[in-house]
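See below for the structure under consideration.
The values are calculated or read from the model by the stated rules, or taken from the named source; none is laboratory data. Please read all numbers here as calculations on a predicted model, not as lab measurements. All Cβ positions, glycine included, derive from the backbone under ideal geometry; neighbour counts span all protein chains shown. With ligands, DNA and RNA removed, areas are computed over all heavy atoms of the protein, side chains included. Shrake-Rupley method; radii C 1.70, N 1.55, O 1.52, S 1.80 Å.
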Amino acid sequence: MNVEQDREQLIGQARAALEIRPIDLDEAARRFAARIDADAQRGAWRGSTEFVPLVRTWGRVLVLGAIGIALIALSMARCPLYERAIAPPAPVESEG
Amino acid sequence: MTVLERPALVIAPPAALDVAAAFREHYPFVLRALVGLGVTPIDADDVAQEVFVVAHRRRGEFDPSRPARAWLYGIARGLARNRRRVRRDESLDVLSVGVSTEDPERAAAQSEALSLALRCLDALSTKLREVFVLTEFEGLTAPEVAELLELPVNTVYSRVRLGRERFDGALAKLRAQRGGKGP
């Protein structure tokens, strides 16, 4: 047996060792289907490269943040304590 | 009829891959490819499942103008890189994936041959190994491998030749160490 025949025989046997029986293929396909179903029940997978959800999330953060800051600023501006706090000190009249 | 109404010019949306059908058609190829890429046979089934799960998630990205096998191979290659494990010994029980026969003697011989072949493949660099496995184990032609790996055909021929040399050298060395026993 020459080198080439030896190699071919070895590879043929190795390949035969990796042959999948129909019953094993059915079992593997069943497990795959079960896994896909489980993934689907957990919710749709979202690709890491999707841009729209990213923009939507950040848009929501910015809008809600701006509303929050506006409410705080407005309440501070209307607050009498705040008005007093930022008012210039009253002039002290001398007794003499 | 305007130009846009001509059927030949209507651009259809890209068809997503039917992964369930692809699984039945390509699972054996993916499994063998993973083993050839260095994933241990005991891990190969898990990684092969993972390949199709990734394919299912990314099915919208599939380019129908390319063979599904090439796309799946690309995914398998990426996952194999992460999951590659060093085989610690020649234990045959880890090779239970592929015992395809009811004849125990033949099964043992096949497992032994697989173990030996994997050891010989370890003598090849990743680039040589990929091309060698696709041509010698999968029986693909050089142009098919060139398309699959997006390589020039002459590079494939060159790597096949080098791969055979290294594989044969490793086989001769292992056989000599084992005292010339057959697979």
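Taking a ≥ b ≥ c as the square roots of the Cα gyration tensor eigenvalues, with a/c under 1.5 meaning rounded and otherwise prolate when a/b beats b/c, else oblate, which class fits segment B:106-183?
prolate
Summed for both chains, how many Å² of accessible area, to the nearest 100, are buried between A and B with a 1.4 Å probe?
Summed over both sides, the interface buries about 3200 Å².
Just to verify a number: FRET efficiency for A:T57 and A:R31, C-beta to C-beta distance, R0 = 25 Å, to 0.05?
Details: r = 35 Å, r/R0 = 1.38.
After rounding to 0.05, the efficiency reads 0.15.
List for segment B:107-128: residues with 10 Å² or greater reduction in accessible area, all protein chains versus chain alone, probe 1.4 Å?
So the qualifying set is B:A109, B:Q110, B:A113, B:L114, B:A117.
Would you mind working out the accessible area per residue for chain A, using a 1.4 Å probe, and quoting it in Å²?
81 Å²
Measure off, as a whole percent, the carbon and sulfur share of the 1.4 Å-probe accessible area of segment B:106-165, all protein chains present.
Within segment B:106-165, the accessible surface is 49 percent carbon and sulfur.
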